[in-house]
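Undergrad: Let me give you the structure first, and then I'll get to my questions.
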Amino acid sequence: MTTPTVTHEPNRVEDLVRAHLPLVGHLVRELLGRLPAHVSREDLGSAGMAALATA
């Protein structure tokens, strides 16, 4: 049995990231109140965007 090959079309990936970017902002707002005060909104947003791009 062979493993299916996943091909990533650059434009499709970029479109998916752009489409789900508002979700990162929503999650940042949701989580910010539950995290320690030293966690900045910018750091959390950057981590969310990196995770989205990686996914």
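The values are calculated or read from the model by the stated rules, or taken from the named source; none is laboratory data. In this text the structure is predicted, and so the values were computed from the model without any measurement. Methodologically, a virtual Cβ is constructed for each residue, glycine included, from the backbone with ideal geometry; neighbour enumeration extends over all protein chains shown. Side chains are part of the model used for accessible areas, which takes the heavy atoms of the whole protein and leaves out ligands, DNA and RNA. Shrake-Rupley method; radii C 1.70, N 1.55, O 1.52, S 1.80 Å.
Undergrad: Quick check on L44: is it open to solvent by less than 90 Å² (accessible area, probe 1.4 Å), at pLDDT 90 or above and not in a loop (DSSP other than H, G, I, E, B)?
TA: So L44 fits the description; yes.
Undergrad: Cβ contacts < 8 Å: first residue in contact (Cβ under 8 Å) with a residue 24 or more places away in the chain, restricted to region 15-28; second residue assigned to a helix (DSSP H, G or I) and open to solvent by 70 Å² or more (accessible area, probe 1.4 Å), any location; separation 6+ or different chain. Result?
TA: Pairs that qualify, where the first residue is in contact (Cβ under 8 Å) with a residue 24 or more places away in the chain and the partner is assigned to a helix (DSSP H, G or I) and open to solvent by 70 Å² or more (accessible area, probe 1.4 Å), are L21/M49; V24/M49.
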